[in-house]
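J.: Sharing a structure here in structure tokens format.
The values are calculated or read from the model by the stated rules, or taken from the named source; none is laboratory data. Because the structure is predicted, anything quoted here is derived from the model rather than measured. Quick reminder, even Gly has a Cβ in these numbers, built from the backbone with ideal geometry, and neighbours come from all protein chains shown. For accessibility, only protein heavy atoms count, side chains too; no ligands or nucleic acids. Shrake-Rupley method; radii C 1.70, N 1.55, O 1.52, S 1.80 Å.
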Amino acid sequence: MNPRTFAPSLVAFAVIAAAYAQDEDADFNQRQAKSLNAFAKKAYDKGFPRIAKVVWMQVHKLYDDKNADAWSGLGYVKVGNSWSPDTKKPYPTQDTGNGAEGQPLQRAYEQLKKDLAGQHRLQADKWQKAGRADKANHHWRMVLRWVDDDDQAKKALDYVEVGTLSGTDLEKTLYDRSKTIEKAVEEQSKTDYEVKQVTDVQCEPLDRAQVKYITVRSEHFTLHGDEDQLDNLSNALRWAERTLRVCKVAFPWEFKDGPWPNDWACFTAKETYQQILKANKVPDLEWRLEHTSTCGIGRTAVAATSGVQVTFDSCVRNVARGYAGFGSDGYVEGIGHTFVGMIFNNNRLFSVDLKKQQGTVASEEDREFQSPDFDVWKNLSLELAWRSTGGVPANKVPFAEASNFTNEERIKAWSFCDYMMRRDPEMLRAMDQIAQDLKQKRIKQPAEFDKAFEEAHKVPVAQLDKEWEDFWTGASPVLKAIQNNTPPIAAISKGVDKWLEAFNAARKSHGRAAVTWSANFSARCKEHAEYLKKNKDLRDPASMHTQSVELGGSYVGSLFAQMALVIPDASIGNAKKTFEPWLNRPGYRDALLNNTILSVGMYLEGDVLVINATSGIGTPRASNSGADCYPPRNDGGLIVEGEVPVEELGPDIVKLLEKHGRAGKKTIGFPLTIHFGSTGGIQARGSLRCVAQGPKGDAIEGVLVFDEGTCRTTSAPGMATFWPLDPLPKGKIAFQWSWLAGQEQQTLKGGFAAK
């Protein structure tokens, strides 16, 4: 053959082969998408729209971003050449499915994953034999996305050992750094540090505002605050010292040891915070008064912290931000959320308040952006990472402005900083510096940011964004193992429907609205129920409301367990009797009376039922809003036992009695509670009072305790408890709650009988 005619023939053959390969890939993707679509439709029809949503998003992200069935399933309509949300038919967010469907649905999903992996394995074999390592490796990686263990795929990809798994060098870095940080957090949570009250320290911004305050000091930190908050301020500095040690492990750069360059001031009343800002004439005063909860004034970082957890939150993020040294709003906020999440798995303070939702009714997703629960944030980040279009690119995070911080920017700022802390904090610091330099030159284009970073680090920002997506979507067995999350589909338990009905019946008997059930909120319930089922001897309040790593639990699990509701001998036939003793335990009582609980998680493992009543909070209907108390106001017909056994209440009450000269007592007086709900917390801490009188008009000695405990039997977010230190006298008891709401005095009063 003439060489001149042979060369064009080779070119033509290559073009035909490429076209064939492209068509075959498209056909393969369509088959995989069809299988996923069928399962998503099934999950949706069974009443699990959030599970279906993720699967339909997987169709777009992994196989076909134009797939019409998935777009329609997600509630979009075609407008021209693009898809837009159908405003006439918004996508549902609440699970309505039957608990009995959980296991069959999970089995179907596990089989689907095996089938998808099997199809990728066939494709990988074919491309490997054809000498196309690039295509073969893509399919081998997809095999491991769908199944956690496949020797053929691991061998083909030549992965390294990562813990008990195998993965890439990058995954080993992510795994090792994640475990190192987690170990530091767990160890530090058990470490004590000395804190003392000092009287020879002045704070100019507070003195200028004529605010009364006390000061506590630890090895590195100084904190000012309310005069009645000594214990809480001291514990806050202990968390600051712990965070400093975690930062030394997490960040690869040195930090000058010695006294912290700034002191801090935390006050429970927002009015005090505003008074300090006004007296010091801070810049942008009007905007800061309305929209912020933290502000730097000279060498003092001032914060409005409505409760002890918010105070802890403030001090932890102050350390993380100072150690990181970032200057871009997105990274400053993101790194603060990252360390608060790692240490508390909870977030209660926003430097810039969340944007108020428009309209009269916020969607469940809107409410989730306001949730303090980081498990909820992780679900939001997961859905953000699965998006095929929209979202917040990584190159826009450092240019986000604090004055206009959107919910999605906040989630991306946190989740991207979280990922980069595991990958390489030096890269994050370089990004911050580049963004700062560009802003100083009045250049804010993400394209310039991308160019400068890639030139310096030989890694495109877009690649880091793709890595962020893979991390949060669990693209490999190692990435799944790092997060170790229970998927919502695995948290649907048989029998939960009857318990939800019984729980709502108990709430209805107290005039409270019914709550919905969520598979997303049930994942931690499953983990804790399995932990308690395995450890059958742990049935006292202290043991049921924590987890021990040595007994198979986890640090994050112990944080969830503190505020979980646990029924260790659950029998649906005795459900009504099960809820009656809850009125003696203030934290459990709150679950029956709190109107801000809109959705719960529940999981039943044998005879152990665990309820998550903290993740699904939101603003209740107007008719159900406002504070309420128990015993009920204006109701003298209630008759209660005058005392409650301490063994039913747990360690917080043992400490309370010891502190007030009643160590060793077996009972305490029946508790009185006021429930503000957990969306706004207890804003009236400084003015809240409770007085109670016995049958002869004598004052009942008691202690007012806010939502600062670590055991659900006696504490709940947004609840305050008046504990009579001694058993109540028999007969008529009168009480009155009072507090200031703005400038107006509010009161709730009533009576009941003690027997």
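J.: Please find the FRET efficiency linking residue 152 to residue 38, where r is the Cβ-Cβ separation and R0 is fixed at 22 Å, and quote it to the nearest 0.05.
T.: 0.25
J.: Next question. Give, in nm to one decimal, the length gained when the segment between residue 255 and residue 514 is fully stretched (0.36 nm per residue of separation minus the Cα-Cα distance).
T.: Full extension of this stretch gives 88.1 nm more.
J.: Could you work out [θ]222 nm for the chain from helices alone, using -39500 (n - 2.57) per DSSP H run of at least four and dividing by all its residues? Round to the nearest 500 deg cm²/dmol.
T.: Rounded to the nearest 500, the figure is -14500 deg cm²/dmol.
J.: Using each residue's phi in the range 529-535, evaluate 6.51 cos²θ - 1.76 cosθ + 1.60 at θ = phi - 60° and report the 3J(HN,Hα) Karplus result to the nearest Hz, with x for Gly and Pro.
T.: After applying 6.51 cos²θ - 1.76 cosθ + 1.60, I find 4, 5, 4, 5, 5, 6, 9 Hz.
J.: Using a 1.4 Å probe, how large is the accessible area of residue 78, given in Å² and rounded to the nearest 10?
T.: Accessible surface of residue 78 is approximately 110 Å².
J.: Further question on the same structure: So how do 712, 145 rank on accessible area, 1.4 Å probe, biggest first, that is with the largest at the start?
T.: Largest to smallest exposure gives the sequence 145, 712.
J.: Something else now. Tell me, in nm to one decimal, what length is gained between residue 738 and residue 138 on full extension, where the rule is 0.36 nm per residue of separation less the Cα-Cα distance?
T.: Result for the pair: 209.5 nm of gain on full extension.
J.: Relative contact order for the range 87-163: what is it in percent, counting Cα pairs under 8 Å that are at least 6 residues apart?
T.: RCO, the range 87-163: 24 percent.
J.: Report the dimensions of the range 646-755 along its three principal axes from the alpha-carbon atoms, largest first, rounded to Å.
T.: 41, 35, 21
J.: May I pose another question? Hey, can you grab everything whose amide H is under 5 Å from the amide H of residue 600? Only 5+ residues off in sequence or another chain; H modelled, so Pro and N-termini drop out.
T.: Here the answer is 516, 517, 518, since their amide H atoms fall under 5 Å of that of residue 600.
J.: Further, regarding this structure: Given charges of +1 on the Cβ of Lys and Arg and -1 on the Cβ of Asp and Glu, with all other atoms neutral, how large is the dipole of the range 683-724 about its Cα centre, in debye to the nearest 20?
T.: So the magnitude is around 80 debye.
J.: Using the crude model of +1 on Lys and Arg Cβ and -1 on Asp and Glu Cβ, and no other charge, please compute the dipole size for the chain relative to its Cα centre, in debye to 20.
T.: In debye, rounded to 20, the chain gives about 1200.
J.: Something else: Expressed as a whole number of Å, what is the distance separating the alpha-carbon centroids of the range 582-599 and the range 410-467?
T.: Result: 44 Å between the Cα centres.
J.: Give the long-range amide H neighbours of residue 95: residues separated by 5 or more places, or on another chain, with amide H under 5 Å away, using H modelled in the peptide plane at 1.01 Å from N.
T.: 519
J.: Then there is this: If contacts are Cα pairs under 8 angstrom and at least 6 residues apart, what is the relative contact order of the chain in percent?
T.: Here the relative contact order equals 10 percent.
J.: Counting only the backbone N, which residues of the range 148-181 are under 19 Å from the spot 7 Å out from the Cα of residue 128 toward its beta-carbon?
T.: 148-161, 166-169
J.: How long is the chain along each principal axis, judged by its Cα atoms, biggest number first, in Å?
T.: Rounded to whole Å, the extents work out to 118, 63, 51 Å.
J.: Sticking with this structure for a sec: Could you rank 196, 508 by how accessible they are, 1.4 Å probe, largest area first?
T.: 508, 196
J.: So with the 1.4 Å probe, I'd like the accessible area per residue for the range 454-516, rounded to whole Å².
T.: Here the per-residue accessible area is 43 Å².
J.: Follow-up question, since we're still on this one. For residue 703, enumerate residues with amide H under 5 Å from its amide H, sequence gap 5+ or separate chain, H modeled in the peptide plane.
T.: 723, 725
J.: Nearest 20 debye, what's the magnitude of the dipole of the range 393-537 about its Cα centre given +1 on Lys and Arg Cβ and -1 on Asp and Glu Cβ?
T.: Here the size comes out at about 780 debye.
J.: Taking θ as phi - 60°, what are the ³J(HN,Hα) couplings along the range 204-217 by the Karplus curve (6.51, -1.76, 1.60), each to the nearest whole Hz, with x for Gly and Pro?
T.: 4, x, 6, 5, 5, 8, 6, 9, 7, 7, 10, 10, 10, 9
J.: What figure in square angstrom, to the nearest 10, would you give for the accessible area of residue 408 with a 1.4 Å probe?
T.: 50 Å²
J.: With respect to the cross-link table entries 412/466; 179/248; 41/113; 154/480; 46/498; 34/154, which display a Cα-Cα separation exceeding 23 Å?
T.: Among 412/466; 179/248; 41/113; 154/480; 46/498; 34/154, the Cα-Cα distance tops 23 Å for 34/154.
J.: Ordering 426, 219 by how much accessible area each has at a 1.4 Å probe, largest first, what is the list?
T.: 219, 426
J.: Along the range 493-501, what does the Karplus equation 6.51 cos²θ - 1.76 cosθ + 1.60 (θ = phi - 60°) give for ³J(HN,Hα), rounded to whole Hz, x for Gly and Pro?
T.: Values per residue, Gly and Pro as x: 10, 5, x, 5, 5, 5, 5, 5, 4 Hz.
J.: What is the sum of charges, Lys and Arg at +1 and Asp and Glu at -1, for the other residues whose Cβ falls under 10 Å from the Cβ of residue 514?
T.: The answer is +2.
J.: To the nearest Å, what is the center-to-center distance of the range 272-347 and the range 203-250, using C-alpha atoms only?
T.: Result: 13 Å between the Cα centres.
J.: Can you give the FRET efficiency to the nearest 0.05 for residue 173 and residue 194, using r as the Cβ-Cβ distance and R₀ = 35 Å?
T.: It comes out at approximately 0.45.
J.: Got a sec? Charge dipole of the range 41-198, +1 on Cβ for Lys and Arg, -1 for Asp and Glu; which of 139, 62, 75 is way out at the positive end?
T.: It is 75, whose Cα lies furthest towards the positive end.
J.: What is the distance in Å between the Cα centroid of the range 476-502 and that of the range 43-121?
T.: 18 Å
J.: How much solvent-accessible surface does residue 690 expose, in Å² to the nearest 10, with a 1.4 Å probe and all protein chains in place?
T.: Counting only protein heavy atoms, residue 690 exposes about 20 Å² to solvent.
J.: For labels at residue 746 and residue 110 in the simple 7 Å Cα→Cβ model, what's the distance in nm?
T.: With each label placed 7 Å out from Cα toward Cβ, I get 4.9 nm.
J.: Provide the FRET efficiency to the nearest 0.05 for the residue 486-residue 68 pair, computing r from the beta carbons and using R0 = 30 Å.
T.: 0.40
J.: Follow-up. Under 17 Å from a point placed 7 Å out from the Cα of residue 726 along the Cα-to-Cβ direction: which residues of the range 634-649 have their backbone N that close?
T.: What the label zone holds, given the 17 Å backbone N cut-off, is 642-644.
J.: Only Cα pairs under 8 Å and at least 6 apart count here; give the relative contact order of the range 615-755 as a rounded whole percent.
T.: Result for the range 615-755 is 32 percent.
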